[in-house]
1. I'd like to know if the range 32-43 contains one or more residues that are over 17 Å from the mean Cα position of the chain (by Cα), under 21 Å from ASP137 (Cα atoms) and not in a loop (DSSP other than H, G, I, E, B).
2. For the range 52-96, name all the residues that are farther than 14 Å from ASP38 by Cβ and polar (S, T, N, Q).
3. (1) of a type in the set (A, V, I, L, M, F, W, C); (2) without any contact (Cβ under 8 Å) to a residue 60 or more places away in the chain; (3) touching a Gly at 6+ places or on another chain (Cβ under 8 Å): which one isn't true of ALA52, the others all being true?
4. Name every residue in the range 11-34 that is exposed (fewer than 14 other Cβ atoms within 10 Å of the Cβ) and touching a Pro at 6+ places or on another chain (Cβ under 9 Å), in order of residue number.
5. Pull up the range 105-119, narrow it to residues that are surrounded by 17 or more Cβ atoms within 10 Å (Cβ to Cβ) and of a type in the set (A, V, I, L, M, F, W, C), then point me to the one that is farthest from LEU64 (Cα to Cα).
6. Would it be correct to say that ALA96 is modelled with pLDDT of 95 or more and surrounded by fewer than 16 Cβ atoms within 10 Å (Cβ to Cβ)?
7. Please go through the range 46-55 and pick out each residue that is touching an Asp or Glu at 6+ places or on another chain (Cβ under 8 Å) and either within 13 Å of GLY91 (Cα to Cα) or not in a helix (DSSP H, G or I) (or both).
8. Would you please list the contacts, defined by Cβ atoms under 6 Å and residues six or more apart or on different chains, that run from a residue in the range 104-116 that is of a type in the set (Gly, Ala, Ser) to a residue that is at pLDDT 95 or above and assigned to a helix (DSSP H, G or I)?
Amino acid sequence: MADWQPFPHDDSTFRYEGNALQEAWDELHRGDRAPYPDRGWVQSALDDTPGAAPGSFDGDLDGLAVGVQDAWRAFHAGRFGEAVSRAADCGLLAHAPANKAAGIYATYLEADESRQHKVFTEAVKRAELAIDALPEDPN
């Protein structure tokens, strides 16, 4: 993803550092109604589906929540490759920012059809794993 094309516009309006992401969350996710990925959300998701955690998970719920939040931050700022990379570090809990980033990137920024196909195929694989592991997840 390091070789993905950059978002061609100024992203300063869409950077949500610190508490700004949580403050803007309801407006940003009015359409998909994704819950804010805080510690409680991570705990609940892992209580329901322990296998959704990354293989490297050491029990740090706050750290994992920040990782998912950072994947969303990258997505909202148009740093699509970074969003997918950060999401990969969070296991299936961050499938939504990864797949939204991949879909937008492949559709609008990647000109090479074979690379588009690869990005979409990887997103489909992530989505299928998430559907199996997180059947109640709206995304």
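The values are calculated or read from the model by the stated rules, or taken from the named source; none is laboratory data. Since we're looking at a predicted model, the values are computed, not measured. Cβ atoms come from the backbone with ideal geometry, glycine included; neighbour counts cover every protein chain shown.
1. Among the residues of the range 32-43, at least one is over 17 Å from the mean Cα position of the chain (by Cα), under 21 Å from ASP137 (Cα atoms) and not in a loop (DSSP other than H, G, I, E, B), which makes the answer yes.
2. Within the range 52-96, SER56, SER85 meet the criteria.
3. Looking at each condition in turn, ALA52 falls short on (2).
4. Passing the criteria: ASP32, ARG33.
5. The extreme case among them is LEU109.
6. Taking the combined requirement at face value, the residue does not satisfy it.
7. Within the range 46-55, just PRO54 meets the criteria.
8. Short answer, once both residue conditions are applied: ALA106/GLN116; ALA106/VAL119; ALA106/PHE120.
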